[in-house]
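Q: Quick one: the structure is below, questions incoming.
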Amino acid sequence: MSSETAPTSGVMPHILVVDDDRETRELLARFLERHRFRVTAVRDSREARRVWPLGHFHLIILDLMLPGESGLEFARWLRGFSDVPIVMLTAMGEQTDRIVGLELGADDYVPKPFNPRELLARMRAVLRRVGEPAEARAEASPRTLRFSGWTLDLARRRLLNPDAVEVPLTGGEYDLLVALVERANRVLTRDMLLDLLRGRQAGPFDRAIDVAVSRLRRKLDDNGRQSQLIKTVRGGGYVLAADVERA
């Protein structure tokens, strides 16, 4: 299995747009081409499967509501062999599908109707985060995750410190840590974390994720002024800055 690479300096990123609405496809193609992207636009997952081997794609803009095979089904198929970034397009009421999409490994989502400039900004942020090629995915269901000396035992829902001593976690702290570790070195916004953990969007004054991260940092001895493990990304969210070994 192999994964797609992020663009290097001087390379025009190749974007695959999958959307059954012709007006949306044409609008995105024109807009992105003006911003120095190469674009291939198709109307459904059948066409996406056909063109996939023909182009070296750096990012996919994927509508979840497609005729025939859904965008979620296509994403599940794609994640079987590729880590190419995915930005989902979702209708305002598709909260459950959005959560499933994030769990499948989508990197971000933009609700419809959307502002093309917002989509462009999110695309660029995702492409910056992807950086160098990722290694092929490990087994689909690892039993143990190890990072920076810590061990996360998924079978027993336990966290062990570098001295192999169990550190007690609440259910919420455990779920938050799993979300961060399984997506290590990827920035997760507060909305994405809330979607993954609770299935709801953050309100403008909702600091629940910030409080949970603060508690988790204390459990990980990462609560200094300059946190090294769970880092805050200004205007973005949080990222677990560690290499993860999956066993």
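Q: I need a count of the residues in the range 137-170 that are under 14 Å from Asp243 (Cα atoms) and at pLDDT below 90.
A: Adding up the residues that qualify gives 3.
Q: Do we find a residue being open to solvent by 70 Å² or more (accessible area, probe 1.4 Å), of a type outside the set (Phe, Trp, Tyr) and modelled with pLDDT of 80 or more anywhere in the range 171-189?
A: Yes, the range 171-189 contains a residue that is open to solvent by 70 Å² or more (accessible area, probe 1.4 Å), of a type outside the set (Phe, Trp, Tyr) and modelled with pLDDT of 80 or more.
Q: Of the residues that sit in the range 11-42 and are crowded, with 19+ Cβ neighbours inside 10 Å and of a type in the set (D, E, K, R), which one is nearest to Pro116 (Cα to Cα)?
A: Filtering first and then ranking leaves Arg25.
Q: Please specify each residue of the range 234-247 satisfying the condition of being surrounded by 14 or more Cβ atoms within 10 Å (Cβ to Cβ) and in a strand (DSSP E or B).
A: The answer is Gly237, Tyr238, Val239, Leu240, Val244, Arg246.
Q: Looking only at the range 43-67, which residues are more than 18 Å from Arg25 (Cα to Cα) and in a loop (DSSP other than H, G, I, E, B)?
A: His56
Q: Within the range 43-52, count every residue that is within 21 Å of Leu119 (Cβ to Cβ) and open to solvent by 60 Å² or more (accessible area, probe 1.4 Å).
A: Counting residues in the range 43-52 that are within 21 Å of Leu119 (Cβ to Cβ) and open to solvent by 60 Å² or more (accessible area, probe 1.4 Å) gives 1.
Q: In the range 76-101, which residues are open to solvent by less than 10 Å² (accessible area, probe 1.4 Å), without any contact (Cβ under 8 Å) to a residue 60 or more places away in the chain and either of a type in the set (A, V, I, L, M, F, W, C) or assigned to a helix (DSSP H, G or I) (or both)?
A: Correct list: Leu78, Ile86, Val87, Met88, Gly101.
Q: Hey, another quick one. For Leu104, state whether it is among the hydrophobic types (A, V, I, L, M, F, W, C), surrounded by 15 or more Cβ atoms within 10 Å (Cβ to Cβ) and at pLDDT 85 or above.
A: Taking the combined requirement at face value, the residue does not satisfy it.
Q: Turning to a different aspect of this structure: Taking the range 45-86, which residues are among the β-branched types (Val, Ile, Thr) and more than 24 Å from Arg186 (Cβ to Cβ)?
A: Val51 - this is the single residue of the range 45-86 that is among the β-branched types (Val, Ile, Thr) and more than 24 Å from Arg186 (Cβ to Cβ).
Q: I'd like to check something: does the range 53-70 contain any residue that is among the small types (Gly, Ala, Ser), in contact with a strand residue (DSSP E or B) (Cβ under 9 Å, 6 or more places away or on another chain) and surrounded by 15 or more Cβ atoms within 10 Å (Cβ to Cβ)?
A: No - not one qualifying residue is present in the range 53-70.
Q: How many residues are among the aromatic types (Phe, Trp, Tyr) and outside any loop (DSSP other than H, G, I, E, B) when one looks only at the range 12-42?
A: Of the residues in the range 12-42, 1 are among the aromatic types (Phe, Trp, Tyr) and outside any loop (DSSP other than H, G, I, E, B).
Q: Could you list, in sequence order, all residues of the range 215-247 that are of a type in the set (Gly, Ala, Ser) and modelled with pLDDT of 90 or more?
A: Across the range 215-247, the qualifying residues are Ala241, Ala242.
The values are calculated or read from the model by the stated rules, or taken from the named source; none is laboratory data. Here the structure is a predicted model, which means the values were calculated and not measured. Cβ coordinates were reconstructed from backbone atoms using ideal geometry, including for glycine residues, and neighbour counts include every protein chain displayed. Keep in mind that these areas ignore ligands, DNA and RNA; they rest on the heavy atoms of the full protein, side chains included. Shrake-Rupley method; radii C 1.70, N 1.55, O 1.52, S 1.80 Å.
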